[in-house]
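Let me begin by presenting the structure, written as structure tokens, before commenting on it.
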Amino acid sequence: MKAIRIHEDGGPEVLRYEDAPDPGAGPDQVLVRLHAASLNHLDLWIRKGLPSVPKPRILGADGAGIRVDTGERVVINPGIEHGDRITVVGEHMDGTHAELVAVPEGNVYPLPDTLSFEEAAAFPLVFETAYRLLATKAQLREGEWVLLWGIGSGVAGAGLAIAKALGARALVTSSSDEKLERALQLGADATVNHASGDVRAAVGEATGGTGVEVVLEHVGEATWQTSLQSARAGGRIAVCGATSGANPPAALHRIWWKQLTIYGSTMGTRSDFEAAYELVKGGRARPVVDSVYPLADARKAHERLEAGEQFGKVVLTIP
């Protein structure tokens, strides 16, 4: 089969479009002939060696296609549960940036005709992650405000879709006015340019000075202080990443004085995936596809994602 593989850690230049052995379905596994797969920042980290994985490795967590043994249209849940531990397709095993992938039978779900393969490939990892952050951990409720940093990213975009599906109100940030305008079209209730504007002031204006009930924090050092300041008394901050640095000053006085709750979260359980998928299938939360590239052009797709140019998911089509 054709696949995108890495044989060493590095930049987009280490991606190889090449022939790879067809996978075989092991016990309790099925083969999926992929029609679409998407990129996540996880793919960039693994490509760079953060963490370094055994090589050669096929990247890609998300995918949709045809189940070989039944001919069904299916989408893949990329989180494989092993008791309390979850491994991820494309990180701990070969992934979806290929013509075929073998995954546990319990991780494939029927795909309705109302969703294209490209849309289906665009939601699993980020929607599963965002659902666990906002609904399972922070228990975001109808009418509450959530602050979403960097709306062009996959997790923030999924967070917006899920927040609106839950009846919450969303204040989103970006350094791009064009992305903020797009977010308003998708249902954002308030926006602020975090490069040229004042996020704290925008939070105060939107919430009547009380602050947001929930912050989805995935940036880290560059935003942590403002996240603590923007949360209202008794608020919740759900953390799933730290792309700008993992060790900001803790500012513990703000946590105890405001009686904040900090939730850490990564990926999600089968129930998180299924709950997010119900929102997607029902049309209450739709994934946004930024751009589509042929599998052979995976390097261009990586470069677009790494440059932060996207709004929504970068998708690969697989002939």
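Structure summary
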{"item": "Residue list for region 243-283, filter: open to solvent by 80 Å² or more (accessible area, probe 1.4 Å) and of a type in the set (Phe, Trp, Tyr)", "result": "Trp256, Trp257"}
{"item": "Which listed residue is under 17 Å from the mean Cα position of the chain (by Cα), in contact (Cβ under 8 Å) with a residue 12 or more places away in the chain and farther than 30 Å from Arg5 by Cβ, from Ala233, Ala275, Ala251", "result": "Ala275"}
{"item": "Positions within region 196-246 being farther than 17 Å from Leu140 by Cα and hydroxyl-bearing (Ser, Thr, Tyr), in sequence order", "result": "Ser196, Thr223, Thr226, Thr243, Ser244"}
{"item": "Whichever residue in region 241-253 is of a type outside the set (Gly, Ala, Ser) and more than 10 Å from Trp224 (Cβ to Cβ) and, among such residues, is modelled with the lowest pLDDT", "result": "Thr243"}
{"item": "Filter result for the condition that a residue is within 25 Å of the chain's Cα centre (by Cα) and more than 25 Å from Pro78 (Cβ to Cβ), over Val215, Val219, Val239", "result": "Val215"}
{"item": "Strands (runs of 3 or more DSSP E) completely within region 34-143 that count 1 or more residues being over 19 Å from Gly241 (Cα atoms) and open to solvent by less than 30 Å² (accessible area, probe 1.4 Å)", "result": "62-67, 73-76, 79-82, 100-104, 108-110"}
{"item": "Qualifying positions in region 198-217 - assigned to a loop (DSSP other than H, G, I, E, B) and open to solvent by 40 Å² or more (accessible area, probe 1.4 Å)", "result": "Asp198, Gly208, Gly209, Thr210"}
{"item": "Search result, residues across region 218-266 that are of a type in the set (D, E, K, R) and part of a loop (DSSP other than H, G, I, E, B)", "result": "Glu221, Lys258"}
{"item": "Search result, residues across region 169-195 that are acidic (Asp, Glu) and outside any helix (DSSP H, G or I)", "result": "Asp189"}
{"item": "Test: residue in region 285-306 that is open to solvent by 50 Å² or more (accessible area, probe 1.4 Å), part of a loop (DSSP other than H, G, I, E, B) and farther than 14 Å from Pro124 by Cβ", "result": "no"}
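The values are calculated or read from the model by the stated rules, or taken from the named source; none is laboratory data. Because the structure is predicted, anything quoted here is derived from the model rather than measured. Ideal geometry is used to build each Cβ from the backbone, glycine not excepted, and the neighbour counts take in all protein chains shown. SASA here: full protein model, heavy atoms, side chains in, ligands and nucleic acids out. Shrake-Rupley method; radii C 1.70, N 1.55, O 1.52, S 1.80 Å.
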